[in-house]
Amino acid sequence: MARKKITLIGGGQIGGNLALLSAQKELGDVIIFDIPQSEGMVKGKALDLMQLRPHDGYDSNIIGTSNWEDVKNTDVFIITAGIPRKPGMNREDLLDINLGIIKDVATNIKQHAPNAFVIVISNPLDAMVYAFYKVSGFKKNQVVGMAGALDSGRFRTFIAMETGYSAQDVTCMVLGGHGDTMVPISRLATVGGVPVTDLIDNKRLKEIEDRTRVAGGEIVKLFGNGSAFYAPAQSAIEMAESFLKDKKRVIPCASLCEGEFGIDGYFIGVPTVIGSNGVEKILEFTLTNNEKNELSKTLNAVKKTVTETGL
Ligand code: APR
């Protein structure tokens, strides 16, 4: 069986880690694509990763390029092209710059790999994934945004830190937009199947939910220049792997809702089955009245940023 082809649009901090993880997991051959001004940088990263092969033992071929012809026959794209958040900037401030970039990327992907599955990471995520979908004209199962996987991972991390138990055994989900209005669902969080609400008191749980909502910003402040990259890269790799191996994992993703949870026409974080057909299904479940209210608030925030794209 021929190797799969994974193309990373944007070879910066997240892109470089995506390349490393794709190779180490032997997901396929890797193309790191960036703008011509950064072609040397991505060619250098690719060569460095090739030189890691004797030590790590993987056989993936990795190249850096700024030539769109090289992305032909790609199975899965992961898009991080754009500029990251700077201190004091919220994700929405990024919109104008990153929108222009996503439009350019969507037009080129449509032209060179019209059947690929596309995972968008660039921020502001809810608007960027919508813009990609609109400009590319791709089918809804071909396009998804990476946000909930990361936000849920952060929620899991904070619960693990609080309880002292393994993060691996914490399961939970965060719904909604990838911004301060996201909805961590503590009611459904468990540690090894034990409800978190029986392990952590309500006041502390609320503080953990609040920290989760601004977890990206916490890292932006610490870095002083740039945003998180290790956990975002691994979160997207889980989604790509589920597609490439038809694992049918259930991951909170920004998927196009057409009636699910009463939402119509927007990409928003919902439990999503990812398999070889891309976004295969959104799993609906009954929300409490309070969760419904919170989801409606986060939907309004998503609508606002999507409206700002003018698409
Ligand atoms: N095509 C391809 N690559 C592009 C384009 C373009 N039109 N425009 C910019 N890039 C590249 C940049 O040259 C840079 O190498 O995108 C890369 C972005 O990398 P970083 O600046 O290191 O940003 P990173 O930390 O990887 O985050 C990328 O993901 O989480 C979001 O908010 C974050 O939007 C940001 C994105």
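Based on alpha-carbon centroids, what's the gap between the range 211-278 and the range 114-150 in Å, whole number please?
Here the answer is 10 Å between Cα centres.
What does the charge count near Gly10 come to, summing +1 for each Lys or Arg and -1 for each Asp or Glu among other residues with Cβ under 14 Å from its Cβ?
-2
Take the alpha-carbon centre of the range 279-311, take the same for the range 1-56, and report the distance between them in whole Å.
Each part reduced to its Cα centre gives a spacing of 34 Å.
Please name whichever of Ser22, Asn300, Ser66 sits farthest to the positive end of the charge dipole of the chain, dipole taken about the Cα centre and charges placed at Cβ: Lys and Arg +1, Asp and Glu -1.
Final value for the positive-end residue is Ser66.
Rounded to two decimal places and with Rh computed the Kirkwood way over Cα pairs, what is Rg over Rh for the range 148-309? Mind showing how you got there, number by number?
Working: Rg = 15.6 Å, Rh = 16.4 Å.
Result for the range 148-309 is an Rg/Rh of 0.95.
With +1 on the Cβ of every Lys and Arg and -1 on the Cβ of every Asp and Glu, and nothing else charged, how large is the dipole of the range 49-124 about its Cα centre, in debye rounded to the nearest 20?
140 debye
For a quick check, take a GNM of the chain with Cα springs below 10 Å and name the residue from Leu27, Leu283, Leu244 with the largest mean-square fluctuation.
For the chain, modelled as a Gaussian network with Cα springs under 10 Å, the answer is Leu283.
Which percent, nearest 5, of DSSP beta bridges in the chain are antiparallel?
50 percent
Residue by residue through the range 266-271, which ³J(HN,Hα) values in whole Hz follow from phi under the Karplus form 6.51 cos²θ - 1.76 cosθ + 1.60 (θ = phi - 60°), with glycine and proline marked x?
So the J values, rounded to whole Hz, are 10, 7, 8, x, 9, x.
With n ≥ 4 as the cut-off for DSSP H runs, can you work out [θ] at 222 nm for the chain, using -39500 (n - 2.57) per run divided by the number of residues, rounded to the nearest 500?
One gets -13500 deg cm²/dmol as the mean residue ellipticity at 222 nm.
In straight Cα distance, which aspartates and glutamates are under 13 Å from Lys248, not counting same-chain residues fewer than 8 positions off?
Glu238, Glu280
Just the number, please: Stokes-Einstein D of the range 112-222 in µm²/s, Kirkwood Rh from C-alpha pairs, 10 °C, 1.306 mPa s.
Working: Rh = 15.3 Å.
This corresponds to a translational diffusion coefficient of 104 µm²/s.
Taking the Cα centre of the range 3-60 as origin, sum charge times position over the Cβ atoms of Lys and Arg (+1) and Asp and Glu (-1), and report the length of that vector in debye to the nearest 20.
Details: 7 positive and 7 negative charges, 27 e Å.
In total the dipole reaches around 140 debye.
I need two numbers for the range 1-81: Rg to one decimal and Dmax as a whole number, Cα atoms only, in Å.
In Å, with Rg to one decimal and Dmax whole: 11.3, 36.
Can you spot the lysines whose alpha carbon is less than 16 Å from Lys139's alpha carbon? Ignore those fewer than 8 places along the same chain.
Straight-distance partners of Lys139: Lys110, Lys281.
Would you please give the residues with an amide H less than 5 Å from that of Val120, counting only those at least 5 places away or on a separate chain, with H modeled from the backbone geometry?
Ile79, Val144, Gly145, Met146
Grab the eigenvalues of the alpha-carbon gyration tensor for the chain, scale each by 5, take roots, and send me the semi-axes largest first in whole angstrom.
Semi-axes from the Cα gyration tensor: 30, 22, 19 Å.
So what is the orientation-averaged projected area of the range 5-145, using the convex hull of its C-alpha atoms, in nm²?
Taking the Cα atoms of the range 5-145, their convex hull projects to 8.1 nm² on average.
If the only charges are +1 at each Lys and Arg Cβ and -1 at each Asp and Glu Cβ, what is the size of the charge dipole of the range 148-309 around the Cα centre, to the nearest 20 debye?
Taking the Cα centre of the range 148-309 as origin, the dipole is about 140 debye.
If the cut-off is a Cα-Cα distance under 16 Å, which lysines reach Lys245, setting aside same-chain residues fewer than 8 apart in sequence?
Of all the lysines, those that pass the test against Lys245 - Cα under 16 Å, at least 8 places apart if same chain - are Lys4, Lys5, Lys25.
Laboratory data are not the source of any read-out in this text; all were calculated from the coordinates shown. Please read these numbers as outputs of a predicted model, since none were measured by experiment. Glycine also receives a Cβ, built like all others from the backbone with ideal geometry; neighbour counts cover every protein chain displayed.
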